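All remarks here apply to the structure that follows.
Bear in mind these aren't lab numbers, they're just calculated from the coordinates by the rules spelled out. These figures come from a predicted structure and were not determined experimentally. Neighbour counts run over all protein chains shown; Cβ positions are idealised from the backbone, glycine included.
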């Protein structure tokens, strides 16, 4: 069929071929071939500046909702067969006053499709275990963990979601952790 001098097959077939190639490559982004998340082993993850804001809520006075910042760092020591574990340090900041770092043991799972389940157990003598959910997402040429959680905090609840990103040894995030005056090593030091 000809439309204004062009063959419909010449337009549609290359477009379908390009769409097929793009879909094929998107499913095999680096580090995740067929659900292989082994790159999580020995990795550091943190909250970038755009996702630091969280909400502290209380039921007092009919409900109070206060924006805070929540920097969370994961050190994933091991990945094995869809499970990973390691240490977590968090620092909550309200009106310029930081609390933390607070330390947790992390145990998580990730399905071949990238669904994430997280369990945070306080390593100190007090605190409540927290559960979180997430999804591995390939955004701007890198894997991110799109995570969500809510947890009890002194006097209320903290709710937070973020696209956590990986930090390698040669990146500025190792020395300049957003939302804190600490390095990643300093943040995790008290959680050893």
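Model label points for residue 185 and residue 50, set 7 angstrom from Cα along the Cα-to-Cβ axis, are 3.0 nm apart. Modelled label positions at residue 36 and residue 133, each set 7 Å beyond Cα in the direction of Cβ, lie 3.0 nm from each other. On full extension, the segment bounded by residue 58 and residue 126 gains 22.5 nm, given 0.36 nm per residue less the C-alpha separation. If R₀ is 22 angstrom, what is the calculated FRET efficiency for the pair residue 78 and residue 142, using the beta carbon separation as r and rounding to 0.05? So, using R0 = 22 Å, E works out to roughly 0.55. The stretch between residue 105 and residue 119, if pulled fully straight at 0.36 nm per residue, gains 4.2 nm over its current Cα-Cα span.
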